[in-house]
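The structure appears below as structure tokens.
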Amino acid sequence: MTILRYLALAAATALSTGSASASELGVNYNGLTRNFDQSELDRTETTWVRAFIDVTRLQGLGEAAIATDPDVVGFKQIRAAGFNVILNLKYEYSGSDFPSNVNSQEFVDVRAFTTKVLDEVYNSTDIIVVGNEPFIESDPADRDNDLFLFYKQMSNHVITYNKTRRAIPLYVGAFNNLQMASWQTQATRDLINYAENTPNVAGIDLHMHTSSVAEMGQAIDWARGELGTAKQIISTEFSLKNHFRAHLGDTINAGFASQYGVSPAWKVWQYLNYSLQTPRPRAEWVDFLEASPWFMNVRLSLENADILFDQKGLTVATYALRQSQASIGPSTDPWMLNGIYCNQSCVPNPTTGQAQFNYQWIDSFRARN
């Protein structure tokens, strides 16, 4: 463990109680910590790493699968390598109802299984978020009091677990699209109010995949208005994914198309899908982005977002390290544009075999750390 990481790890508790004057910026693995590669993290110079563990997926596999699950193994390796780690506990209820009775066998089982997961990863965790994206990982008809009661009860369960072990800051979330009135529901308000008024909850987590950095500010301001000033806000996911999706139908640059022998009639989504199916040399990928005004106009968005988070008093935010998707169509969310590494659209470095950096994001990331 380097001295830098040791100091960052020692400061984790202080950061989580709001003593930092500026937000920390880290990287996000989403649910694929099986891809952990210390050299990739070292190259970013990060000290914070976030990931989610899908509790309901593991529950379906059974208790014996927890310790050997590749994402659980990878998660533990991250902390062992000296990084500060944020864990989101994911509960997937799309296609099924939340348990309606806290005393039902279903509720007893999910609480008990959560305990088993925590037993495996607790010592590898510095911050816990109860939930990943509750208002997406559920059916629209269930995003009401049932959702609120489930996440309240699961948060209370983790609080009880927390009290018997070393204190780890607990957050609730993550909340999506709070810049939009349609997502500012009563269940959202109730869950934020629970975080505000529960002494053992440090604050809330926001996921902000927006069309602009300004929209991120709107989401934070609304959340802060509901949460009050005594509790904290973190963001374990953020991007301009919606901005990029809005430009999938743009025609690619004619000069770029001529230089690289692709159809000048191609839309952005067609070139993106082409690069997913047939990864490109990084020089070509960079040329594509530099020839795309829709990208160049927001190329400093990561840096600008983190400056915003400083101004708004966020504790820590994490940005996608890698992205993974099979294909892109004319209306697909183009997650591949967000990653610090262009691990899918670019061929590995021909000399080292390592994944190559995406364009611009790494410069902004290092500049803010």
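Some notes on this structure:
- Some residue of segment 324-343 being touching a Lys or Arg at 6+ places or on another chain (Cβ under 7 Å), under 21 Å from ASP37 (Cα atoms) and either open to solvent by 50 Å² or more (accessible area, probe 1.4 Å) or acidic (Asp, Glu) (or both): yes
- Within segment 306-319, considering residues that are in contact with a Gly (Cβ under 9 Å, 6 or more places away or on another chain) and crowded, with 18+ Cβ neighbours inside 10 Å, the one farthest from LYS231 (Cα to Cα): TYR319
- Residues being within 25 Å of the chain's Cα centre (by Cα) and part of a loop (DSSP other than H, G, I, E, B) - total across segment 98-130: 3
- First in segment 57-85 and under 17 Å from VAL27 (Cβ atoms), second anywhere and open to solvent by 70 Å² or more (accessible area, probe 1.4 Å) and of a type in the set (Lys, Arg), Cβ under 6 Å, 6 or more apart: ASP71/ARG34; GLY74/ARG34
- Selection within segment 167-214 - more than 18 Å from HIS157 (Cα to Cα), part of a helix (DSSP H, G or I) and without any contact (Cβ under 8 Å) to a residue 40 or more places away in the chain: ALA181, SER182, ARG189, ALA214
- Checked against the criterion of being crowded, with 20+ Cβ neighbours inside 10 Å and closer than 19 Å to GLN218 by Cα, the candidates LEU178, LEU147, LEU170 yield just one match: LEU178.
- Single condition LEU32 does not satisfy, out of (1) hydrophobic (A, V, I, L, M, F, W, C); (2) over 25 Å from GLN360 (Cβ atoms); (3) open to solvent by 20 Å² or more (accessible area, probe 1.4 Å); (4) modelled with pLDDT of 95 or more: (2)
Listed here are the residues, each with its yes/no results for (1) of a type in the set (Phe, Trp, Tyr); (2) over 26 Å from ALA367 (Cα atoms); (3) open to solvent by less than 10 Å² (accessible area, probe 1.4 Å); (4) modelled with pLDDT of 95 or more.
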site: THR2; (1), (2), (3), (4): no, no, no, no
site: SER16; (1), (2), (3), (4): no, no, yes, no
site: ALA20; (1), (2), (3), (4): no, no, no, no
site: ASN28; (1), (2), (3), (4): no, no, yes, yes
site: ARG79; (1), (2), (3), (4): no, no, no, yes
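The values are calculated or read from the model by the stated rules, or taken from the named source; none is laboratory data. Only a predicted model underlies this, so the values are computations on that prediction, with no experimental measurement involved. Note that each Cβ is placed from the backbone with ideal geometry, even for glycine, and that neighbours are counted across all protein chains shown. Areas reflect the complete protein model, heavy atoms only, side chains present, ligands, DNA and RNA absent. Shrake-Rupley method; radii C 1.70, N 1.55, O 1.52, S 1.80 Å.
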